[in-house]
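Visitor: This is the structure I have questions about; it appears just below.
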Amino acid sequence: ADDYIISFRVIAENTVSDVYAFPNPFSSSMRFGFELTGTLLPDELRIDIYNPMGKIVKTITMADFGGLHFGLNMSSVWNGIGANGAFLPAGVYFYKVRISYHGVEFPTRNSNGRSSLVNGVGRLVIVR
């Protein structure tokens, strides 16, 4: 039998990594995903979605994830309906993820290139 090597890294620091929206662009529904590491689960999660003018049009919260755990977390499906109850029009939107424990925000890191955040902000495209 051939020998093989398995390697892994244990990350004890509380971080959020590999934040992404899938699929992106989307027409009818999408989800947010990210990975949590560390020893403390966050007590607050907020993903604010902004229109190009900088107005928050939707907020995704911890309730939309059905509870958080270490490793990969996926939100429930979002159908592109804004806070006003109407479908958001086609276009480019931006999102910012805030995950914290007792008010201390978890730093973000990009562990494998899947993260769609640039300077803490992600881009989301809706096509109708």
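The values are calculated or read from the model by the stated rules, or taken from the named source; none is laboratory data. This is a predicted model, so every value here is computed, not measured. All Cβ positions, even for glycine, are placed from backbone atoms using ideal geometry, and neighbour counts span all protein chains on display. The accessibility values were calculated without ligands, DNA or RNA, using every heavy atom of the protein model including side chains. Shrake-Rupley method; radii C 1.70, N 1.55, O 1.52, S 1.80 Å.
Visitor: Does segment 111-127 contain any residue that is farther than 30 Å from residue 10 by Cα, touching a residue at least 60 places away in the same chain (Cβ under 8 Å) and not in a strand (DSSP E or B)?
Guide: Yes, segment 111-127 contains a residue that is farther than 30 Å from residue 10 by Cα, touching a residue at least 60 places away in the same chain (Cβ under 8 Å) and not in a strand (DSSP E or B).
Visitor: Do we find that residue 71 is exposed (fewer than 12 other Cβ atoms within 10 Å of the Cβ), in contact (Cβ under 8 Å) with a residue 24 or more places away in the chain and not charged (D, E, K, R) in this structure?
Guide: Yes: the conditions hold for residue 71.
Visitor: Could you grab me the full set of residues in segment 113-128 that are at pLDDT below 85 and open to solvent by 90 Å² or more (accessible area, probe 1.4 Å)?
Guide: Result: 114, 118, 119.
Visitor: Go through (1) buried (at least 18 other Cβ atoms within 10 Å of the Cβ); (2) at pLDDT 95 or above one by one and return the number of the condition residue 37 breaks.
Guide: Every listed condition holds for residue 37 apart from (2).
Visitor: Applying the selection to segment 7-31, what residues are open to solvent by less than 30 Å² (accessible area, probe 1.4 Å) and not aromatic (Phe, Trp, Tyr)?
Guide: Those that are open to solvent by less than 30 Å² (accessible area, probe 1.4 Å) and not aromatic (Phe, Trp, Tyr): 15, 16, 17, 18, 19, 21, 30.
Visitor: Let me ask another. Please go through segment 49-92 and give me each residue that is among the aromatic types (Phe, Trp, Tyr) and more than 21 Å from residue 16 (Cα to Cα), ordered by number.
Guide: 87
Visitor: Can you pull out every residue in segment 79-88 that is among the hydrophobic types (A, V, I, L, M, F, W, C) and either within 12 Å of the chain's Cα centre (by Cα) or outside any strand (DSSP E or B) (or both)?
Guide: 83, 86, 88
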